[in-house]
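Input: a single structure, listed below in structure tokens.
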Protein chains: 4
Amino acid sequence: MRKPRDGEDTRQRVLSAAQELFAAKGFAGTSLMDISHRCGISDGLILHHFQSKKNLYRQVLENLAEQYTHNLVQAKESGASPQEMIQQTLSASFNFWKQDTTYQRISLWAYLEGQTELAEKEAYLTAGLFQEVRRLQEQGIMDDRYAPVFLLTLIIGPIHFWLRYRDQFKAILHLPDTADELDHLFLKQLIQLMMEVSHKAS
Amino acid sequence: MRKPRDGEDTRQRVLSAAQELFAAKGFAGTSLMDISHRCGISDGLILHHFQSKKNLYRQVLENLAEQYTHNLVQAKESGASPQEMIQQTLSASFNFWKQDTTYQRISLWAYLEGQTELAEKEAYLTAGLFQEVRRLQEQGIMDDRYAPVFLLTLIIGPIHFWLRYRDQFKAILHLPDTADELDHLFLKQLIQLMMEVSHKAS
Amino acid sequence: MRKPRDGEDTRQRVLSAAQELFAAKGFAGTSLMDISHRCGISDGLILHHFQSKKNLYRQVLENLAEQYTHNLVQAKESGASPQEMIQQTLSASFNFWKQDTTYQRISLWAYLEGQTELAEKEAYLTAGLFQEVRRLQEQGIMDDRYAPVFLLTLIIGPIHFWLRYRDQFKAILHLPDTADELDHLFLKQLIQLMMEVSHKAS
Amino acid sequence: MRKPRDGEDTRQRVLSAAQELFAAKGFAGTSLMDISHRCGISDGLILHHFQSKKNLYRQVLENLAEQYTHNLVQAKESGASPQEMIQQTLSASFNFWKQDTTYQRISLWAYLEGQTELAEKEAYLTAGLFQEVRRLQEQGIMDDRYAPVFLLTLIIGPIHFWLRYRDQFKAILHLPDTADELDHLFLKQLIQLMMEVSHKAS
DNA sequence: TATGAATGAGGGTTCATTCAT
DNA sequence: GATGAATGAACCCTCATTCAT
């Protein structure tokens, strides 16, 4: 139930619509009218709340960055055995990237459109994972002959790539499995690889 | 030496300028005037040759797809020992992605803008690499417990990710090395990893 | 000390801010938001007090007309010898125009914008000066071969012109003096001229 | 007879319409649609020829400045006796200012709207008159106890003032004469005054 | 083949005004 | 009396496209 003159509610609806549309069509490809139409409000109202299109965009990115942080932090908790930790970390990462296509698309748009803020934040947060990796290396769980930044790249890079091209591969190679099944296989092999690399170290 | 009324030459110059600009600013962000200005030709001439902006875009994508094929084919030759083959393949891949940022950016734009043609072609061509990988597996050079598609993902994914975030990592982690030095390190570790995975198989 | 809900006080603050802004940027160039921002009040409050922007403008003009009258009346007092009277009148006029740039700018804006009310009032008030001049002429202090309206024009016209272009002349002629020094020189020469014209009469 | 696609002709018509409208309503008060409507052309065409509204404005100002120069130069020619020279100069100046209200209004708008370019040019050109005045002073025709800049102010200032307020004075003082008759009287008295000041010098 | 004049739709933004609270 | 949410028109400007030359 929505009050007709609830500014905060309007803001939220605009942000949500903007996020979807920016994800779908990018900053340049989304017009304020697109957004206001989707919200059922007038053209000018968006700028009443957000001053400028650019600013609205920034707010969307900030929201996403927060979400990203939040998810990362959540993913980090838990304890258990070394192998379990690796498994859990990889699963969590994969699911994180798999779930929110909106986030990834906006992240890509921002990258291409030269909006570096988000990428910086991402990189900054990702950098936080280095500590984690280094700790695992010190405990002998992960192979310390590789630089932490490389191990991260080795985990997240394939995940990104896989999620982007998986459907096309499926089509071209005529794989009968569902997307979810393929994801499962992929994740299993990624975990297996990381395990092997880790054991090699010992 | 260029004739004053050489339609073909004009076409090529437009295509080349369009490619650069679409790479830099995407389809929506590039105006025909941007392109005609960069070519030093008049406003209307582009559409005289290409009918519509969309059509020009398509032509650019097609050109790139051809280029891509060409580069991939070239990269494949070689002979030598198993280890050398792996090394060469990885180096070639890395350098291929590193050099042509134009291609990658347009590929990304096309992906986001829903222009699936290019992605399909890419996937199709990449699929060709599967054969290669499978052959290496049959020869016992690469580990055959992993699916070829996974091994490819494991190679190209990190490369993409690295090239995209490398500069930000460098900044955030205050790494003193140059980008080229970092690239060298990265490639070395990637090769090392692939070697180990391969040996493990034996 | 200002009560939180003092309508009259708010009105005055709005009028004052509006006057400054209209003077600086004219009617078309000033937005109600400019004004409300400067007052530190909310967007809608101005129209709550003044119904429309046009109406607010009219109120500002009326206020200024009153102020103008008030200043003119004050300027007229004095006694003393004929020469001193001329001197005092010219000095007072000059300083009157020099000091209140706000008034003059709004007057000009109103003139250009076809808001004739203010100009009428001005002319009406200026006409009052005719009596003064005529009295001086009857007393033999001022030259009565010139029409009073001409003598007024001869005084006020140069003052206006001087105040408007003085700075530019200073820049172009590379005059080393300060604006105030130049004003002093100007006034001295204007007085000298009027004295001579008056003496010629006798 | 106007060709339908004559760019230069269109430019001129836009400039002319813009000049009238800027004179009537100022820069801020004139919209590009006002101008395009008056010319019977589409909205975008103006910007095709003039890039931006500001730029169009600048062109109008430049045109006017040239006109101003042209008129000033023309006014300067002629020889004859000292008295005749003064008479001619004053008449020419007066008529110059009287004729082109467009020029004066735009000049005023520009002044108020902070567009200093025109005022600078004006001042610069006016400064050229100093030489003239100084020459007259050296020949003993004009009184050299007054600074040239002051003498100019004494001439142009009243003319401006008179032309601006003349009609209002006429109305308020119930003068029966026509505007032209009043102008004639005014000019006569101005000339008389300048003559006297000049003779006084001898 | 090539130029550039002309159109018209759409985009971001400003702003006076209205109105629920 | 005061706030600020909401509207809708107008404005400047960009741009793909058409067309006369």
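The values are calculated or read from the model by the stated rules, or taken from the named source; none is laboratory data. Fair warning: this is a prediction, and the values are worked out from it, not measured in the lab. Neighbour counts run over all protein chains shown; Cβ positions are idealised from the backbone, glycine included.
Scan the range C:33-51 and give yes if some residue there is closer than 30 Å to C:L187 by Cβ and either more than 16 Å from DNA strand E (Cβ to nearest atom) or within 12 Å of another protein chain (Cβ to nearest Cβ) (or both), otherwise no.
Step one: list which residues in the range C:33-51 are closer than 30 Å to C:L187 by Cβ, which gives none.
There is no residue in the range C:33-51 that is closer than 30 Å to C:L187 by Cβ and either more than 16 Å from DNA strand E (Cβ to nearest atom) or within 12 Å of another protein chain (Cβ to nearest Cβ) (or both).
Return the only residue of D:A127, D:A123, D:A110 being touching a Phe, Trp or Tyr at 6+ places or on another chain (Cβ under 6 Å) and either more than 30 Å from D:G26 (Cβ to Cβ) or in a helix (DSSP H, G or I) (or both).
Values: D:A127 fails: touching a Phe, Trp or Tyr at 6+ places or on another chain (Cβ under 6 Å); D:A110 fails: touching a Phe, Trp or Tyr at 6+ places or on another chain (Cβ under 6 Å).
Checking each option against the conditions leaves just D:A123.
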Task: Selected residue (criterion: modelled with the highest pLDDT) from residues of the range B:12-62 that are farther than 17 Å from B:R105 by Cα and acidic (D, E) - done: B:D34
- [ ] Go through (1) within 10 Å of chain B (Cβ to nearest Cβ); (2) in a helix (DSSP H, G or I); (3) in contact with a helix residue (DSSP H, G or I) (Cβ under 6 Å, 6 or more places away or on another chain); (4) at pLDDT below 90 and name the single condition A:V133 misses.
- [x] (1)
- [ ] Only residues that are assigned to a helix (DSSP H, G or I) and basic (K, R): list them for the range A:136-182, please.
- [x] A:R164, A:R166, A:K170
Task: Subset of the range C:114-127 [at the interface with another protein chain (Cβ under 10 Å from one of its Cβ atoms) and surrounded by fewer than 18 Cβ atoms within 10 Å (Cβ to Cβ)] - done: C:G114, C:T116, C:E120, C:Y124, C:L125, C:A127
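What number of residues in the range B:87-138 are under 30 Å from A:L21 (Cβ atoms) and among the small types (G, A, S)? Show your work before the answer.
Taking the range B:87-138 as the starting set, the residues that turn out to be under 30 Å from A:L21 (Cβ atoms) are B:101-123.
Subset that is among the small types (G, A, S): B:107, B:110, B:114, B:119, B:123.
The number of residues fulfilling the criteria is 5.
For the range A:136-161, give me the residue count where each residue is without any contact (Cβ under 8 Å) to a residue 60 or more places away in the chain, over 27 Å from A:A24 (Cβ atoms) and at the interface with chain B (Cβ under 10 Å from one of its Cβ atoms).
So the answer is 11.
For the range B:115-128: of the residues being touching a residue at least 40 places away in the same chain (Cβ under 8 Å) and not acidic (D, E), which is farthest from A:M194 (Cα to Cα)?
Going through the range B:115-128, the residues touching a residue at least 40 places away in the same chain (Cβ under 8 Å) turn out to be B:115, B:117-118, B:121-122, B:125, B:128.
Retained after the next criterion (residues that are not acidic (D, E)): B:115, B:118, B:121, B:125, B:128.
Values: B:Q115: 35, B:L118: 32, B:K121: 31, B:L125: 28, B:G128: 27 Å.
Among those that are touching a residue at least 40 places away in the same chain (Cβ under 8 Å) and not acidic (D, E), it is B:Q115.
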Task: Residue match in the range C:110-122 (condition: under 21 Å from the mean Cα position of the chain (by Cα) and of a type in the set (S, T, Y)) - done: yes
Open item on the list: Consider the range A:183-202. How many of its residues are at the interface with chain B (Cβ under 9 Å from one of its Cβ atoms) and either in contact (Cβ under 8 Å) with a residue 12 or more places away in the chain or of a type in the set (F, W, Y) (or both)?
Closed with: 4
Open item on the list: Looking at the range A:48-71 only, could you name the residues that are surrounded by fewer than 16 Cβ atoms within 10 Å (Cβ to Cβ) and under 12 Å from the mean Cα position of the chain (by Cα)?
Closed with: A:E66, A:Q67, A:T69, A:H70
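Residue check: is D:Y57 within 13 Å of DNA strand F (Cβ to nearest atom) and in contact with a Phe, Trp or Tyr (Cβ under 8 Å, 6 or more places away or on another chain)?
Numbers: within 13 Å of DNA strand F (Cβ to nearest atom): yes; in contact with a Phe, Trp or Tyr (Cβ under 8 Å, 6 or more places away or on another chain): yes.
It is true that D:Y57 is within 13 Å of DNA strand F (Cβ to nearest atom) and in contact with a Phe, Trp or Tyr (Cβ under 8 Å, 6 or more places away or on another chain).
Quick check, is D:R5 of a type outside the set (D, E), surrounded by fewer than 17 Cβ atoms within 10 Å (Cβ to Cβ) and in contact (Cβ under 8 Å) with a residue 24 or more places away in the chain? Steps first, please.
Details: of a type outside the set (D, E): yes; surrounded by fewer than 17 Cβ atoms within 10 Å (Cβ to Cβ): yes; in contact (Cβ under 8 Å) with a residue 24 or more places away in the chain: no.
It is false that D:R5 is of a type outside the set (D, E), surrounded by fewer than 17 Cβ atoms within 10 Å (Cβ to Cβ) and in contact (Cβ under 8 Å) with a residue 24 or more places away in the chain.
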- [ ] Examine the range B:86-105 for a residue that is within 8 Å of chain A (Cβ to nearest Cβ) and either without any contact (Cβ under 8 Å) to a residue 12 or more places away in the chain or touching a strand residue (DSSP E or B) at 6+ places or on another chain (Cβ under 9 Å) (or both), and state whether such a residue exists.
- [x] no
TODO: List every residue pair whose Cβ atoms lie under 8 Å apart, where the two residues are 6 or more positions apart in sequence or sit on different chains, the first residue falls within the range A:54-72 and is more than 16 Å from A:W97 (Cα to Cα), and the second residue, located anywhere, is of a type in the set (D, E).
DONE: A:R58/A:E117; A:L61/A:E117
- [ ] Scan the range D:35-47 and give yes if some residue there is crowded, with 16+ Cβ neighbours inside 10 Å and assigned by TED's automatic domain parsing to the domain that holds D:H160, otherwise no.
- [x] no
Open item on the list: Condition (residue is within 16 Å of DNA strand E (Cβ to nearest atom) and within 13 Å of another protein chain (Cβ to nearest Cβ)) applied to the range A:59-68: is it met by at least one residue?
Closed with: no
Task: Top-ranked residue in the range A:3-28 [being within 28 Å of B:G26 (Cβ to Cβ) and within 12 Å of DNA strand F (Cβ to nearest atom); ranked as nearest to the other protein chains (Cβ to nearest Cβ)] - done: A:A28
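Confirm whether B:Y68 is within 16 Å of DNA strand F (Cβ to nearest atom) and outside the structural domain of B:T10 (by TED's automatic domain parsing).
No.
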